[in-house]
Amino acid sequence: MDTKEDRRIYTLRDEAPVRAVVKMSVPLNVLRHLMCILPFVGTVSMCRMSFQAMGKPQFAFGITLVRQLILYIPLLLLLNRCFGFSGMLWAQPLTEAVMMAVSLLLLTGFIRRISEPADITNQNIL
């Protein structure tokens, strides 16, 4: 058995305090941006699951498709080009915020549409 310490775990122990802070600033910045998306991700997931439970998986699939292909990847490339690494970090929170608004609008519109009483007089009955 090897008696050497695992240096991957203690990488900041032997560093000067200034270098340790610089090394930790990037991961902390990334974590801060990822924490910004938590309220949005829950809402979008709830909307997707609601559509699936109501028998409309095409809406759930559409939300996922728009979120990943139409918003996230282009925003990732655009914000990276405009703002560098910081822009890349803001691409996901921005995507999730937009998708939360879109998902809630779709869900509330769908619920309103199915909860309206059907007008039987205008329907053709065989």
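None of the figures in this text is laboratory data; all of them are computed from the coordinates on show. Owing to the predicted nature of the structure, the values given are computational and were not obtained by experimental measurement. Here the Cβ positions follow ideal geometry from the backbone for every residue, glycine too, while neighbour counts run over all protein chains shown.
Structural remarks
- 14 Å beta-carbon shell around MET99, net charge (K/R +1, D/E -1): +1
- Between LEU38 and ARG113, the distance separating the two model label sites (each 7 Å from Cα on the Cα→Cβ line) works out to 3.5 nm.
- Remark: LEU75, LEU38 ranked as LEU38, LEU75, counting other beta-carbon atoms within 10 Å and listing the fewest first.
- Theoretical FRET efficiency, 1/(1+(r/R0)^6), r = Cβ-Cβ of GLN52 and SER25, R0 41 Å, to 0.05: 0.50
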